[in-house]
1. Once Lys and Arg get +1 and Asp and Glu get -1 on their Cβ, which of ASN24, ILE72, SER83 lies farthest toward the positive end of the dipole of the chain?
2. Taking K and R as +1 and D and E as -1, what net charge do the other residues with C-beta under 13 Å from the C-beta of SER31 add up to?
3. Once amide H atoms are built 1.01 Å from N in the peptide plane, which residues 5 or more positions from ILE5, or in another chain, come under 5 Å H to H?
4. Using a 7 Å offset from the Cα along the Cα-to-Cβ direction at both LEU67 and GLU12, what is the distance between the two label points in nm, to one decimal?
5. May I ask what percent, to the nearest 5, of DSSP beta bridges between residues of the range 1-87 are antiparallel?
6. Mind checking the dipole of the chain: about its Cα centre, +1 per Lys or Arg Cβ, -1 per Asp or Glu Cβ, Debye to the nearest 20?
7. Could you calculate the contour length gain from TYR20 to GLN116, that is, 0.36 nm times the residue separation minus the distance between their Cα atoms, to one decimal place in nm?
8. By the gyration tensor of its Cα atoms, with a ≥ b ≥ c the square roots of the eigenvalues, what is the shape of the chain: rounded for a/c under 1.5, prolate for a/b over b/c, or oblate?
Amino acid sequence: MTGKILILEDNELMIEVMTYILHNHGYDVISSTRAELVFDHIKANRPDLVILDTQQAGMDSQEVCRLIKLNIATRKLPVIICSESEENDAVLNHQGAPDGILHKPFGMNNLIRTVQFQLAA
């Protein structure tokens, strides 16, 4: 495998699609629909990258990202936020910002390029 990716997404179909694409490109994928368990998943699975959907039930994904980035144990873990809004580009300039944004709808090649870029950084 070329890397382990944690997907936090509340849409099961989106998880299936992303998992299928990433598996077919050699990535190991762990997924969850519950963003509040992010640190449990990180501790248990030690992912190389987190893909975090902006629409998380009961949680602000930008806050989840900020918590990951401000935690000394996880601050170097790359985080990509998936968003349907172009406005989220502004969050890249704030403390605790994600490393990248993947705009929905995205194509298979865009997902793979974004993941490869973050893992190579």
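Rule-based calculations on the coordinates, nothing more; no lab input. This one's a predicted model, so the numbers in the text were calculated from it and none came from an experiment. Methodologically, a virtual Cβ is constructed for each residue, glycine included, from the backbone with ideal geometry; neighbour enumeration extends over all protein chains shown.
1. Towards the positive end, the residue furthest out is ILE72.
2. Numbers: positive: LYS4, ARG34; negative: GLU9, ASP10, GLU12, GLU16, ASP28, ASP53.
Computed value for this residue: -4.
3. ASP28, VAL29, ILE30, ASP48
4. Simple spin-label model gives 2.5 nm for this pair.
5. Values: 2 of 16 bridges.
In the range 1-87, approximately 10 percent of DSSP beta bridges are antiparallel ones.
6. Details: 10 positive and 16 negative charges, 121 e Å.
Charge dipole of the chain: 580 debye, to the nearest 20.
7. On the way: separation 96, 0.36 × 96 = 34.56 nm, distance 1.59 nm.
So the chain would gain 33.0 nm between TYR20 and GLN116.
8. Details: a/c = 1.27, a/b = 1.14, b/c = 1.11.
In terms of gyration-tensor shape, rounded.
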